[in-house]
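This report refers to the structure that appears directly beneath it.
What follows draws every value from the coordinates through simple rules; no lab data is involved. In this text the structure is predicted, and so the values were computed from the model without any measurement. No Cβ is skipped: glycine too gets one built from the backbone with ideal geometry, and neighbour counts run over all protein chains shown.
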Amino acid sequence: MTRDVRMRGFAQRVDVEQVERLLAPLCTPLGAEPVPLLDCAGRVLAQDVASDVDVPGFARSAMDGYAVRGEDTFGTSEYSALELALVGEAYPGRPFSGRVGAAQAVRIMTGAPIPDGADAVAKAEVCEERDGRVRIHEPVAPRKNVGAVGEDIRRGEVVLRAGRRLRPQDAGLLASIGRGHVPCVRRPRVRLVITGDELLAPGSTPDGVRIVDSNSVVLRALVARDGGELLPFELIPDRPERIAAALQAGDADVVLVSGGSSVGAEDHAPRLLEKLGELLFHGVSMRPSSPAGGGRIGAALVFLLPGNPVSCLCAYEFFAGPSVRSLGGRSRAWPHRRVRALLARKISSEVGRTDYVRVAFEGERVVPVATAGASILSSTVRADGVVIVPRGLEGMPEGAEVDVLLYDDEPRAGEASR
């Protein structure tokens, strides 16, 4: 029989750590898919990649100069220059087609193939070219200034390991070994279910008692940050049948329900989740976001995020975000920059509750942002980041050193390094 806790309040709440332990094993990486080389940066590699070729595949010049036989230059000095016949030139992609013989040289540019017969490059700075001949004033040993076959990458070498989040230089390396497609972990498909009769679409102007939806704007940016693929969505009124249809769409790996997650008369989502699938948790010992919940419908993970904007953001960061990242092969760890700082004022909490406290820097110290309301989204704009107070503490005293999770990915213009 489906429980209906509406208008009754929460009999008990689970701890944040319990929810994290519950969710972690449900979020193994999704399967692999081929991704075009030009789109692979930022994606997570699903399989080890080994090279089928040597890079470079030919001996090449490491500098501009003259390709010679190294042994011909032995004994050469500033006072006893060697004079060689200039028989041609070599450029990248346009090699010298002949062979370098005794007492001969080929003008060569950086990256050009070493001609047959030559085994060294005399750098241009120690050479003089005149009337079809080259005078060399310094000996050059065989293989000097020559990039060997496979100097960069050897055939059969594993160049990138599964689980790596590909950087631009990784994509460049894959291009150098001739990969046109890359096996990457499939991005989790995420559907937003934004509920509320009071909501107007983003871009609208607040009108009377109706407010503009901001949660979808925040969530879509967070999903993109965490590597998810957002599916099309629309605002849904507080009608159980409409919400149920959205929950059962069946095309998502993760469903994020914004609003209707608490115990009010119009909070339908928890009851529907339990009816249509499995309600794994509902009500968490945290502030804000205590009405958060979650479960499964089929293979899809469903997260019930409170409608209040700060609570929605907080619940996403604690529960949905790590799950989206895990499904996409990324780390569950929060992706924020962290700095250590001293508290300029104390933070009040209570034992048994995890607190998400917005803080702002005042000089080198941080202070809690005065507004604690879960509906005051502007508090997260005024804040530089958050401090997480674990449930074992009843607060943090002034002067305590704390970890600050910064909202900004990069230092702001003019910001000194902390």
- Cα gyration tensor of region 338-406 - equivalent ellipsoid semi-axes, whole Å, descending: 17, 16, 10
- Task: Would you please put 45-54, 282-291 in order of how densely packed they are, using the mean number of other Cβ atoms within 10 angstrom per residue and starting with the highest?
- Result: 282-291, 45-54
- Just rank SER375, SER311, SER326, SER331, fewest to most, by other beta-carbon atoms within 10 angstrom. SER331, SER375, SER326, SER311
- Message: Can you tell me the convex hull volume per residue for region 60-147, based on C-alpha atoms, in Å³ to the nearest whole number?
- Response: 71 Å³
- Query: With charges set only on the Cβ (+1 for Lys and Arg, -1 for Asp and Glu), what does the dipole of region 60-147 come to about its Cα centre, in debye to the nearest 20?
  - Reply: 300 debye
- Task: Divide, for the chain, the radius of gyration over alpha carbons by 2.2 N^0.38 Å, where N is the residue count.
- Result: 1.45
- Message: Based on the alpha carbons, how large is the Rg to Rh ratio for region 137-276 when Rh follows Kirkwood?
- Response: 1.32
